[in-house]
Amino acid sequence: MKAVLRTIVETAGAWAARSYITGTNLEDGLKASRTLQAHGFKSTICFWDGEGDTTEGIVANYDAIILRIEELKSHCYISVKPWPLKHSADLFRHFSQEAKSRGVKMHFDSASTSDQEQTLSLIRDLVPISGTLSYTLPGRWHRSVADTELAIEQGLDVRVVKGQWVDPSEPVDPFEGFLKVIERLAGRARHVSVATHDPKLVRAALSALLARGTPCELELLYGLPVGAVLPIARELGVPVRVYLPYGHAWLPYVVGRLKKEPRVALWLMRDVMDSMRSRIVGKGGNSRLPI
Ligand SMILES: Cc1cc2nc3c(=O)[nH]c(=O)nc-3n(C[C@H](O)[C@H](O)[C@H](O)COP(=O)(O)OP(=O)(O)OC[C@H]3O[C@@H](n4cnc5c(N)ncnc54)[C@H](O)[C@@H]3O)c2cc1C
């Protein structure tokens with residue numbers, strides 16, 4: 001019985017996850033980026049690797065993204081995940097030089113708190129040889145307030161998120177933590193992306209940044225609902241960027257939440273239905289963006 005239930009949940013999860021990627025290939029991400037640009041949105045493209053992806057495969061995808069988004073660079077940058085490549089200094093030196101020579105900004109996504117130390121150390125080493133670099137600061141980590149210093153000292157861009165992985169030392173309220181990080185960045189950082197779908201947080205964070213004259217944008221995840229947050233960005237006159245993953249589909253909201261929040265089960269069911277519908281009518285993607 002348990003095995004049957006597990007199979008049902010895994011199958012539902014696999015269907016639901018498809019709502020959160022643009023497709024399996026870079027072409028899918030590029031197509032979404034062009035369509036969004038035509039509707040006034042900026043974007044970032046990331047290859048989401050999965051089990052079975054080799055180092056060579058991940059490297060080939062990052063190389064291809066940098067090469068292809070050169071043509072979109074005014075409105076698109078690359079997001080990378082350093083942990084599947086074991087934070088390799090050689091590989092990231094290579095990517096950052098390729099990106100620099102093509103005028104493409106490179107952003108580092110975040111995973112766990114222990115991984116963040118390695119990511120920031122990698123970025124510190126890359127700063128002297130790179131073009132525009134940017135990294136992620138999760139509001140639910142104690143260390144993130146202090147981690148703003150690298151961006152402030154070196155003039156790097158940052159993206160602030162609530163964060164999917166909790167701080168193992170002591171949990172931080174993601175809403176409060178997010179705003180503490182924003183407070184530290186306001187008036188000091190070169191550019192801040194406010195990456196959340198929480199309308200109260202969007203308003204509070206963007207208002208704090210604008211009040212201190214800090215260049216900022218709203219950054220949204222492909223597949224998550226945008227209806228409550230887009231009007232706030234429009235009202236405040238802030239540009240909007242959409243994070244476009246392609247490759248291996250996974251659910252960006254289930255880590256630790258399914259048991260605690262019953263509404264997540266509803267999101268899961270809705271995502272399964274959306275994914276099945278788009279399969280049947282032959283359309284890729286989802287209907288949550290106004291495009
Ligand atoms: C551009 C971008 C980049 C990110 N990069 C990273 C990263 O590098 N590392 C990392 O750990 N995390 C990353 N995240 C994920 C982030 O940490 C959160 O897990 C995610 O954004 C959900 O939290 P939230 O801030 O939107 O607030 P939530 O409170 O989760 O959501 C706000 C509201 O949005 C709605 N909502 C959210 N999800 C769903 C859903 N699936 N279905 C229906 N409604 C939903 C609900 O109404 C909810 O109340 C990123 C998020 C974005 C937007």
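Residue-by-condition table, conditions (1) under 17 Å from the mean Cα position of the chain (by Cα); (2) among the acidic types (Asp, Glu); (3) modelled with pLDDT under 95:
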position: 147; (1), (2), (3): no, yes, no
position: 170; (1), (2), (3): no, yes, yes
position: 194; (1), (2), (3): yes, no, no
position: 197; (1), (2), (3): yes, no, no
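One residue stands out among those in segment 52-71 that are over 18 Å from the mean Cα position of the chain (by Cα) and in contact (Cβ under 8 Å) with a residue 40 or more places away in the chain: the one that is farthest from residue 157 (Cα to Cα), which is 53.
Of the strands (runs of 3 or more DSSP E) contained entirely in segment 54-165, those carrying at least 2 residues that are among the β-branched types (Val, Ile, Thr), touching a strand residue (DSSP E or B) at 6+ places or on another chain (Cβ under 7 Å) and farther than 30 Å from residue 200 by Cβ fall at 76-80. Taking every residue in segment 9-22 that is in contact (Cβ under 8 Å) with a residue 24 or more places away in the chain and pairing it with any residue that is of a type in the set (Val, Ile, Thr), at least 6 positions away or on another chain, the pairs with Cβ-Cβ distances below 6 Å are 12/272; 15/272; 16/272.
Among residues of segment 74-91 being more than 16 Å from the ligand (Cβ to nearest atom) and either among the aliphatic types (A, V, I, L, M) or buried (at least 18 other Cβ atoms within 10 Å of the Cβ) (or both), the one that is farthest from residue 29 (Cα to Cα) is 89. Scanning segment 219-230 turns up at least one residue that is crowded, with 22+ Cβ neighbours inside 10 Å and within 21 Å of residue 152 (Cβ to Cβ).
Checking each residue in segment 61-84 for being among the small types (Gly, Ala, Ser) and out of contact with any Phe, Trp or Tyr (no Cβ under 9 Å at 6 or more places or on another chain) picks out only 74. Report yes if some residue within segment 7-19 is of a type in the set (Gly, Ala, Ser), surrounded by fewer than 18 Cβ atoms within 10 Å (Cβ to Cβ) and outside any helix (DSSP H, G or I); otherwise report no. Checked segment 7-19: no residue is of a type in the set (Gly, Ala, Ser), surrounded by fewer than 18 Cβ atoms within 10 Å (Cβ to Cβ) and outside any helix (DSSP H, G or I).
For residue 210, state whether it is part of a helix (DSSP H, G or I) and either out of contact with any His (no Cβ under 9 Å at 6 or more places or on another chain) or within 12 Å of the ligand (Cβ to nearest atom) (or both). So residue 210 passes the test. Restricting attention to segment 231-246, does a residue exist that is more than 13 Å from the ligand (Cβ to nearest atom) and in a strand (DSSP E or B)? The answer is yes, given that some residue of segment 231-246 is more than 13 Å from the ligand (Cβ to nearest atom) and in a strand (DSSP E or B).
Considering segment 154-199, and only residues there that are within 11 Å of the ligand (Cβ to nearest atom) and charged (D, E, K, R), the residue that is surrounded by the fewest Cβ atoms within 10 Å (Cβ to Cβ) turns out to be 198.
The values are calculated or read from the model by the stated rules, or taken from the named source; none is laboratory data. The structure displayed is predicted, hence computed values, not measured ones. Heads up, the Cβs are rebuilt from the backbone with ideal geometry, glycines too, and the neighbour counts pull from every protein chain shown.
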